1. Say R0 is 56 Å: what FRET efficiency, to the nearest 0.05, do TRP603 and ARG371 get from their beta-carbon distance?
2. Around LYS39, which amide H atoms from residues at least 5 apart in sequence, or from another chain, sit under 5 Å from its own amide H, with H modelled in the peptide plane?
3. For the range 548-702, what mean projected area does the convex hull of the alpha carbons give, in nm²?
4. Between the helical axis of 2-11 and the dominant principal axis of the chain, each derived from Cα atoms, what acute angle in degrees is found, rounded to the nearest 10?
5. ³J(HN,Hα) across the range 33-50 via Karplus (A = 6.51, B = -1.76, C = 1.60, θ = phi - 60°), whole Hz, x for Gly/Pro?
6. Provide the per-residue ³J(HN,Hα) series for the range 66-76, in order, calculated from phi with Karplus coefficients 6.51, -1.76, 1.60 and θ = phi - 60°, each as a whole number of Hz, with x at glycine and proline positions.
7. Between ASP261 and ILE588, what is the spin-label point distance in nm, taking each point 7 Å from the Cα along the Cα→C-beta axis?
8. Taking only the alpha-carbon positions of the chain and ignoring solvent, what does the Debye formula give for the base-10 log of I(q)/I(0) at q = 0.06, 0.08, 0.09 Å⁻¹?
Amino acid sequence: MLTRLGGTFYRARWTVLVAALLVIAAAAVYGFGVFGSLKTGGFVDPASESSKAQSLLDTRFPNSSADAIILMHSDTMHATDPAFSDAATQLLTTLKARSEVTAITSYYSTHSSRFLSRDGRESFAIVHLSSPDESTKEKEYKAIAPLITSPILQITVGGNVPVNIAINQQVSADLERAEMITLPIVVILLLVVFSGLVAAALPLLIGGVTILGAFAVLRVLAGLTDVSVFAIQVVTMLGLGLAIDYSLFVVTRFREELKADEKDVRGAVQRTMATAGRTILFSGLTVSTSLLSLLLFPEFFLRSMGMGAIAATLVALLASLTILPAVLALLGRRVNALSIQRLFRRTSSRSTMGTNETRGAWYRLSQAVMRWPIPVALVVVAMLVLLGSPFLHASFSTPGVTVLSQDQPARVVSDRLSQDFAQEGSSQLTIAINSPGNALSTTNLSSLNAYVNAIQAIPGVIHVDSLVTVDPSLSLADYQQIYAHSDAHPQLAAIASQLAHGNTTQLTVAMQPADRSSAAEDIVRQVRAIKTPAGFLPLVDGITPGQMDQLASLGTTLPYALAVIAVAVFVLLFLMTGSLLMPIKAIILNMLSLSATFGALVWIFQDGHLQNVLHFQSLASLDSTQPILIFAIAFGLSMDYEVFLLSRIKERFDATGNNRAAIASGMQRTGWLITSAAVLLAVVLGAFGSSRIIFVQEIGIGLAIAVIMDATLVRMLLVPATMRLLGQWNWWAHTPLRAVWRWVGLSESAEDTAPGIVVVDDALEELAKREVHV
């Protein structure tokens, strides 16, 4: 099929390119609108208790969330001084007069000491915006932002909306920085690899097409479901990286085929599609199916990262199998034009690498590995296990405002609220309670009082703010009487309106242990275990409950995600190789490689060994979603190189039936190619290590490490060593499965008769044993 497709692209090359140009132009116009369609957040499971609590509070108490927090500070005045008060009041009055603002809560409206810092020189105000929609809130905030200033006070703004805006702006800045770092290095490396300007330009062309196409797909998806703003990072990373990888493989094979007969451009395109095209088809499908596992998670952050990564992979695959062959058909021998070899007055050895299979560095390396397969395998496995050992003490946390760098104003506000304000610095639980009937009824107040008493009896709880703890001098009977005749007690009635709405009430629990600590988790478990009357349903939210719920959600879904990856990779590698052992070996080796990657992540980010080099502050933990995301992407990328290598080994084995010669030939033909592709991809991925958002750094650095480790230790050492040890067993398949593989017909070429699929009888068993001991 791919051979015929190559012939079609050759004949209709101008038609294909004109059609592609129109599609690319439309994708560019439409795709760049994706930036206004993406959302922040998405790290919680909507079905979790903490998420349900927050949704209930947002619905019943729309002014409960801090859309914006204005931090006011003076070095010379206290917040209660007249000059400070007048300046703050003037600022807040100006804002309150705007239609975008529904309410402002501050010291000057409540006289609550909660809004005063310990030294008295700071105060903050909570601004509630009118729209319930997040994107509209951002527009409302941007409209009032120029008004948030004072000639007397030092003003810093944080809160939910400014945090979201800061993250969006940081994502855009990170993309620009990554492009500035990546493109010059990639251009130089491509020139070194191809030794020609025309050939080197093709991967960049396909990379640009891939990014534009993936942006368009992402915008379509954003119109159907929630898509995280961080999906842009993954689309850029994978889109450019895989497009370069696939283009590198296709262009290299085309130049190799063209060298055999420079006049037969059509034949070169067809043979390239039948071989390299088939390889990248399997590679793209393998990467995409590995990423399907991310769609199983309920957190839309992971789902949207999976959707973005799949979109980038499939667009890169499509562009490499359509646009690139048409361009190669058009260029023909001119693909080698503008050579830079003469500048260095030498002949590139790579030009002969495809034909000289019995000499060269990679051939010698493979022979050395196969001469001592057991020692090589043991040493490499020991190295990978050692590198992965730091992962044994890994700890995980949920992302928040700490994803931003410490100098970001929104992060500054969060840090100073925690450090300078007594009540804001304590860890808290927020509990939303649905009760049968009016929350202020006598019965429900009795149930609430019993519930509050049970919470206060838990060690580590400091106090509980609720309808029945407003005034310590009042008894339950007093509260029941007061709330029944609220007109006579307007002050308590105002407080009740903030804490109760219909059948819902909220309460806040201040805890002594720090958020995310094991002691705080124990308190959450005890609070959730309190028995309540029928119909009295408390839902516990907060930083610690949110983290507990997220980890539980991820842990529940993870086994199914791993099963999807394993089954999908197994099936696709079997269809490519016809072997049962090759997929199993690949999965095991990938697990070893990824364990070393995760160990490196712990050493770098959790332990903070490179925080001064990479300019981040260690949080003493990893973002809980990142190992899952990195595993899915890195597993797919590892299969990418496995497919590249095995396709050449299988091609040679099918032609000769000699396992050792096939391994050496495959290594010599693809060793430099895989290494070059890995370096290029690692540059693209590693550039995102310059991000100022810490978990984006984790993704970029983690994937770059995974790619380099896989392309060197695993692909160049472990794979030939294990294949040498397995011998003829590499290509074993049971008779019925061999028949299935032949029926599917996914062989390397139309003439392939699949001699490499072997039935192990007594003679082959003996042959395998002898080969292992050679």
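1. Numbers: r = 34 Å, r/R0 = 0.60.
After rounding, the FRET efficiency stands at 0.95.
2. VAL227, SER228, VAL229
3. On the way: hull surface 41.0 nm².
Averaged projected area of the range 548-702's Cα convex hull equals 10.3 nm².
4. 90 degrees
5. For the range 33-50, the Karplus-derived couplings read x, 5, 5, x, 10, 9, 10, 8, x, x, 8, 10, 7, x, 8, 6, 5, 5 Hz, x marking Gly and Pro.
6. For the range 66-76, the Karplus-derived couplings read 8, 4, 9, 10, 9, 9, 10, 9, 9, 7, 10 Hz, x marking Gly and Pro.
7. With each label point 7 Å from Cα toward Cβ, the separation is 4.4 nm.
8. For the chain at q = 0.06, 0.08, 0.09 Å⁻¹, log10 I(q)/I(0) is -0.47, -0.75, -0.89.
The values are calculated or read from the model by the stated rules, or taken from the named source; none is laboratory data. Bear in mind the structure is a predicted one, so any value in this text is a computation, not a measurement. Cβ: placed from backbone, ideal geometry, glycine included. Neighbour counts: every protein chain shown. For accessibility, only protein heavy atoms count, side chains too; no ligands or nucleic acids. Shrake-Rupley method; radii C 1.70, N 1.55, O 1.52, S 1.80 Å.
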